[in-house]
Amino acid sequence: MRVRLCLLVTLVAGCVDLSRPPELQRPPPGDAGAEPALPDAAPRDLAAPGIADAGVSLDLAAPVDETSADDAAVDASVSPDMTVPADVAAPSPDAAPLTPDLAPPADAPPLPADAAAPPYLAPDLSPDRAPDLAPDLAPDLAPDLAPDAGPPPLVIDDFQSAGPINRNNLNSEVTWDHENCARVNGEMVCSYTGTGGFHDFIETLLSWCSYDASKYRKFRFRMRTSAAGEKIDVFVTRNPTGACDGTQVLLGTVTSTTAMTTYELDLGPILASSKWLTAFEFTPKSTSGTQFIYDDLQLVP
């Protein structure tokens, strides 16, 4: 029995060759004629004939790719659809921007070839209101005629009345000192009498009692003289309490011409202290024989 067992072991050992095949054996160092060794990264089958039959297997893993997992994730996130094709031209900087207003409505029917441009394609050439449209009121309308200018001027005297010469349009007293005065062709003509050392012409508003002039801002009159260059002081009489008479205040001094001229004097400083006025007075500085002609005395808003 022992002899049989030894023969069996001998037979099995003779059938299995566990030595490397000649093509896989490495040459000894320094052997120049030996074949170069295969690279470690190259896949190869190291299984020798007969190993599988003996139940012995060699599990040699394939070389691992050196690409990291992060690189793989980056590569996977890039979509080919998001890249710009190489043959697409960049938009020109001079190109006109797209105008959404020129797009037809979604329900717009197709246009015939000879049809006019629809409203959504036509340019807006007519603004709602032209910037130079004329205003409702002409800019050169006289202030006295404007509808919102306040009350009309108050005509104190235009020397057209057929009544007594010493009464004006307000039925108030008209008087003078050291002058000869007369109405001539709708004007008042006065001249120095040659005595008294001065002369003046006076128009009252309420027969020497106070008149409320708060609605007015200017005293306007027309005047000419028979000789040019005469200087005339113009006074106003005011009353602080609204009683009769009052105190004279100089409004201004005018220089006459031989042509009928319109003059305006500001009442603002006078009315700032009192709205009550009594009379207006013209006092020429000379005592010559010059004629002084007055017309259209007014209070103006």
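Quick notes on this one:
- Contour excess over end-to-end distance, with Cα ends at S273 and K231 and 0.36 nm allotted per residue: 12.4 nm
- Each of the peptides 209-216, 162-169 was scored by the mean count of other Cβ atoms within 10 Å over its residues; in descending order, highest first, they stand as 209-216, 162-169.
- Projecting label points 7 angstrom from Cα along Cα→Cβ for T258 and R167 puts them 3.8 nm apart.
- Computed magnitude of the charge dipole of region 154-300 (debye, nearest 20; Cβ of K, R +1, Cβ of D, E -1): 300
- Charge-dipole axis of region 154-300 as Lys and Arg at +1 and Asp and Glu at -1 on Cβ define it, positive-most pick from N185, A272, L170: A272
- Stretching Q291 away from R222 to a fully extended chain increases their span by 23.4 nm, per 0.36 nm per residue minus the current alpha-carbon distance.
Any read-out appearing in this document is the output of simple, stated calculations on the displayed coordinates, not a laboratory observation. Quick caveat: nothing in here was measured; it's all calculated off a predicted structure. Virtual Cβ from ideal backbone geometry, glycine too; neighbours counted across all protein chains shown.
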